[in-house]
There are 2 protein chains.
Amino acid sequence: MYHKRIPQLSTDYYQLSMSNVFVNDNKKDDIAVFDLFIRNNPFNGGYTVCAGLEQVINYLMNVHFSQDDITMLRENHPELSNEFLDYLSTFKFTGELHAIPEGTIIFPHEPILRVKAPLIQAQIIETSLLTIINHQTLIATKAARIVQSAEGDSVLEFGLRRAHGSQAGLYGARAAIIGGCVGTSNVEVESIVNIPAKGTMSHSYILSYDNEYEAFEKFSYYNPDNLMLLVDTYNTLKSGIPNAIKVFLKLKEENKLPDIYGIRLDSGDLAYLSKECRKMLDGAGFPNAIISASSDLDEYLIRDLKLQGAKITLWGVGTKLITAYDQPALGAVYKLSQIEHLGQRINKIKVSNDPGKITNPGYKKAVRIYDKSSNKALADVIMIDDEVIDESKPLTIFHPVYTWKKRILFNYRAQNLLVPIIVDGKLVYDLPTIREIQSRLKEEYKSIWPAITRFTNPHEYHVDLSPKLWNLKNELLNEQ
Amino acid sequence: MYHKRIPQLSTDYYQLSMSNVFVNDNKKDDIAVFDLFIRNNPFNGGYTVCAGLEQVINYLMNVHFSQDDITMLRENHPELSNEFLDYLSTFKFTGELHAIPEGTIIFPHEPILRVKAPLIQAQIIETSLLTIINHQTLIATKAARIVQSAEGDSVLEFGLRRAHGSQAGLYGARAAIIGGCVGTSNVEVESIVNIPAKGTMSHSYILSYDNEYEAFEKFSYYNPDNLMLLVDTYNTLKSGIPNAIKVFLKLKEENKLPDIYGIRLDSGDLAYLSKECRKMLDGAGFPNAIISASSDLDEYLIRDLKLQGAKITLWGVGTKLITAYDQPALGAVYKLSQIEHLGQRINKIKVSNDPGKITNPGYKKAVRIYDKSSNKALADVIMIDDEVIDESKPLTIFHPVYTWKKRILFNYRAQNLLVPIIVDGKLVYDLPTIREIQSRLKEEYKSIWPAITRFTNPHEYHVDLSPKLWNLKNELLNEQ
């Protein structure tokens, strides 16, 4: 039997040992507010693309513990009380979730998710929320950068074999599509999104035949509408391309050449080879033949190849995308910001010697300020949830540390980033399709200045605090 | 509903488009031999720890395609023929698998898995085998290095929230235990191995109380046998340790101090803080209190902290372990080495301009040569499967490229690394427990010279080819 995964148990044990105290110490129903946020953009970049909300919703709407789970925990952990295990057997999420929709461009310190729920619930769900958001947001951001580097060319996700297991491959591919990839090689993705997987042949396929031409010819015969010939098994320019052209000529003669066809390069100097291939294909009468490439690509190599005039218009990106190779962990955290105990609401702050690790207290929202004439995003402001921005008046924003750095904004509109997702345990959000999420990101790019999205030394987007939140934070810091 | 994972669809689409040809071109029952191997040790290291075989077996013994799978593929891929989809509906693995057991120390170019099966079967299983072995072998090797750096101290795996999804967390934790971790925070691991998950409390638990002492005291009361107090929420030396000592004194007075108890540091200068904590704990009469630490640890930081005299004996390692942060992909490949078509057996080689990427042809085995007196591994030899080493005679081995580099070995014994796992589709292997795999690795270390296992500039372990295999390879290269 395949091992049946038990997502409710995919949690850190300390969530259970803490909850064991909360049940016995009558704290479990204290109302807690937690924010899930990042502290830095990944890849030394200037922005982040959030993803994973659909799987978070799926988890929260279904999480429960079976009798088998309880029995296993009871046997393995005599320290867990019966009171707690009884509670766990009835566990369900009855709280509230607000979130920034998938495909939104976000920045550090903004709550991607804001949970308000009985303390024990908010605690038990922590690890799953982090695991899901950390993974998909990381890969969506990497994909977005790679797609950005391809400047309108199509990018395919090809990394399943290097993913951290099949599930990482599946949701990594989903995140890659959110980031702008047009498709993936991963067939399982068809079970969650309506996008057929892509691919044609490997080197072993060609080696399994006596010669390259025969392998190409048979492939074209049995897969007439899916013709992307891998030309580097023996020698790209001396064997691969001539054999591909021979097949294309034959198909043309038989009126069987499909609309979309071409070749794939998987090794060698892709700039030089693609230019030579282009000449040979054009010279043989196939200017529409697509030249695709796959070989340890990432956003930097694609940018360099394009600068060198590579004639590639379809990019298959594997390892570097599916593992977010240059920074394979995002580091989002989930921090308590308020707790209500016996009717008393207390704002919470986590102090640290590292000022970047000090949290923002309170029940908060994040608002994006757009310039009305250019529709460009000017800054984001984190504020107490009930604060209102009067768009008819100028808005003064200031740096949360260097408070003398001020800007006064005019002619702007303010938009809440957080939307209600779950209220009283009930889903109140219409889940968008993956195409809608992908389109949202494309729209988002239009509102972000290029200074923010460039790879090298990007400008830091301003995420400021409202005066009310800044004061609250500083009061709590001074109380320490 | 949770999304039900469909592991048989976790494959690259090209496996299906190639197989579509194999069915229609009467090649599907050609007998193919594929080797799965790495080309380099990860982390610039000198060795690799193989892991993932149990999940490979689980996959091969169960892989099949349901009618729903077939229907989905038919709808999404009109290019797939009915003949192929009919074949797929009856798919099962009927071939042969040999493998190097989990927990073995291995080196580049050795077949970790050797598959001999009808071509179409060997092809369709490729992606899953790579995904499983690449992931678990990567994490097991990272864990082994971290455990090595801890020099006998215990190491716990704490990375679930930074894993690439919950499944990466689960099998990453399994691989970490193979690599020598004594446990994990991940509760789901209890469903696949008999090792209870570990953990106590987070900062938010402490913040949920009015003060640190109350949080500690309540925890000790309700989790009396699981007492590892997190001391850095406010100020480690001024608040955390004094409050922890207060709780330990109270428990001591009440005769309730458990055998295993201590504190956890999660920030700050771990070398300095641990030494100060040790003094304070010793001074208060708690020389047995464990000092544990967790804060962006990896093998290099642990080694440095130990060199600086840190008084930490329990290490919780998260992000850097579960993502193999400094090299998050292994890059194992799966290459055709022989094919039998219409009764004719043909050895296959994949050429490349990069000599390191040229494959070894034929149906091969890997043999480890041990010095009989020291029991140290001297070298590995890859050879044709039916070759025999006569241990009574000296053995001359030579470098596969610089063939003048020769060694003559005396007084040695030779041991096959590959063992039969599946024969004619039937499991012939007794799966070891995780503890047995962990013990195997501990034994393996004894046979490997320290020159191979050091982190910086390790000596390259010799993996040579037998004269017969070397000749076969060079004949095929010269035929190109």
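A compact table of results
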quantity: Residue within the stretch A:87-97 that is within 22 Å of the chain's Cα centre (by Cα) and not β-branched (V, I, T) present; calculated: yes
quantity: Residue within the stretch B:396-416 that is closer than 30 Å to B:I195 by Cβ and in the same structural domain as B:P101 (by TED's automatic domain parsing) present; calculated: yes
quantity: Hits in the stretch A:409-424 (condition: exposed (fewer than 12 other Cβ atoms within 10 Å of the Cβ), more than 27 Å from A:E96 (Cα to Cα) and not polar (S, T, N, Q)); calculated: A:F410
quantity: Subset of the stretch A:200-230 [among the aliphatic types (A, V, I, L, M) and either surrounded by fewer than 20 Cβ atoms within 10 Å (Cβ to Cβ) or under 33 Å from the mean Cα position of the chain (by Cα) (or both)]; calculated: A:M201, A:L227, A:M228, A:L229, A:L230
quantity: Some residue of the stretch B:35-48 being touching a residue at least 12 places away in the same chain (Cβ under 8 Å), in contact with a Cys (Cβ under 7 Å, 6 or more places away or on another chain), closer than 17 Å to B:A332 by Cα and in a strand (DSSP E or B); calculated: no
quantity: Residue list for the stretch B:369-390, restricted to those being small (G, A, S) and surrounded by fewer than 16 Cβ atoms within 10 Å (Cβ to Cβ); calculated: B:S373, B:S374
quantity: Among the residues listed as A:L427, A:L378, A:L417, A:L395, the single one being hydrophobic (A, V, I, L, M, F, W, C) and within 14 Å of chain B (Cβ to nearest Cβ); calculated: A:L427
quantity: Residue that is within 17 Å of A:Y461 (Cα to Cα), among the charged types (D, E, K, R) and either exposed (fewer than 13 other Cβ atoms within 10 Å of the Cβ) or touching a residue at least 60 places away in the same chain (Cβ under 8 Å) (or both), where the choices are A:K406, A:K393; calculated: A:K406
quantity: Number of the condition not met by B:A366 [criteria: (1) more than 30 Å from B:N478 (Cβ to Cβ); (2) hydrophobic (A, V, I, L, M, F, W, C); (3) surrounded by 22 or more Cβ atoms within 10 Å (Cβ to Cβ)]; calculated: (1)
quantity: Residue check for A:K252: over 23 Å from A:R145 (Cα atoms) and part of a helix (DSSP H, G or I); calculated: yes
quantity: Residue match in the stretch B:70-83 (condition: surrounded by fewer than 24 Cβ atoms within 10 Å (Cβ to Cβ), in contact (Cβ under 8 Å) with a residue 60 or more places away in the chain, more than 12 Å from every other protein chain (Cβ to nearest Cβ) and of a type in the set (S, T, Y)); calculated: no
quantity: Residue match in the stretch A:11-30 (condition: part of a loop (DSSP other than H, G, I, E, B), touching a Lys or Arg at 6+ places or on another chain (Cβ under 6 Å), within 13 Å of chain B (Cβ to nearest Cβ) and at pLDDT 95 or above); calculated: yes
quantity: Tally of residues being touching a His at 6+ places or on another chain (Cβ under 9 Å) and hydrophobic (A, V, I, L, M, F, W, C) across the stretch B:228-253; calculated: 1
quantity: Some residue of the stretch A:95-110 being part of a loop (DSSP other than H, G, I, E, B), within 11 Å of chain B (Cβ to nearest Cβ), surrounded by fewer than 22 Cβ atoms within 10 Å (Cβ to Cβ) and modelled with pLDDT of 95 or more; calculated: no
quantity: A:V115 being away from every other protein chain (no Cβ under 14 Å) and assigned to a strand (DSSP E or B); calculated: no
quantity: Test: B:N58 is of a type in the set (S, T, N, Q), free of Cβ contacts under 8 Å to residues at least 40 places away in the same chain and part of a helix (DSSP H, G or I); calculated: yes
quantity: Some residue of the stretch A:157-168 being over 22 Å from B:P328 (Cβ atoms) and acidic (D, E); calculated: no
quantity: Filter result for B:E151 (surrounded by fewer than 20 Cβ atoms within 10 Å (Cβ to Cβ), at the interface with chain A (Cβ under 9 Å from one of its Cβ atoms) and in a loop (DSSP other than H, G, I, E, B)); calculated: no
quantity: Single unsatisfied condition, A:A324 versus (1) touching a strand residue (DSSP E or B) at 6+ places or on another chain (Cβ under 7 Å); (2) closer than 30 Å to B:H164 by Cβ; (3) modelled with pLDDT of 95 or more; calculated: (1)
quantity: Of residues in the stretch B:458-480 being touching a residue at least 40 places away in the same chain (Cβ under 8 Å) and within 17 Å of B:L336 (Cβ to Cβ), the one nearest to the other protein chains (Cβ to nearest Cβ); calculated: B:Q480
quantity: Residue in the stretch B:442-463 that is assigned to a loop (DSSP other than H, G, I, E, B), over 21 Å from the mean Cα position of the chain (by Cα) and crowded, with 18+ Cβ neighbours inside 10 Å present; calculated: yes
quantity: First in the stretch A:268-279 and within 14 Å of chain B (Cβ to nearest Cβ), second anywhere and assigned to a helix (DSSP H, G or I) and surrounded by fewer than 17 Cβ atoms within 10 Å (Cβ to Cβ), Cβ under 9 Å, 6 or more apart; calculated: A:L273/A:L237
quantity: Single unsatisfied condition, A:V193 versus (1) outside the structural domain of A:G343 (by TED's automatic domain parsing); (2) closer than 23 Å to A:N44 by Cα; (3) in a loop (DSSP other than H, G, I, E, B); calculated: (2)
quantity: B:T433 being of a type outside the set (G, A, S) and at pLDDT below 95; calculated: no
quantity: Candidates B:L156, B:L129 - the one that is within 13 Å of chain A (Cβ to nearest Cβ), modelled with pLDDT of 95 or more and part of a strand (DSSP E or B); calculated: B:L156
quantity: Test result for A:G180, surrounded by fewer than 24 Cβ atoms within 10 Å (Cβ to Cβ), touching a strand residue (DSSP E or B) at 6+ places or on another chain (Cβ under 8 Å) and outside any helix (DSSP H, G or I); calculated: yes
quantity: Filtered residue count, the stretch A:196-226, keeping only those that are among the polar types (S, T, N, Q), more than 7 Å from chain B (Cβ to nearest Cβ) and part of a loop (DSSP other than H, G, I, E, B); calculated: 1
quantity: Every residue from the stretch B:322-373 that is within 8 Å of another protein chain (Cβ to nearest Cβ), of a type in the set (A, V, I, L, M) and on the phi > 0 side of the Ramachandran plot; calculated: B:A324
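The values are calculated or read from the model by the stated rules, or taken from the named source; none is laboratory data. As the structure is a prediction and not an experimental result, all values here were calculated from the model. Reconstructed Cβ throughout: ideal geometry from the backbone, glycine too, with neighbour counts over all protein chains shown.
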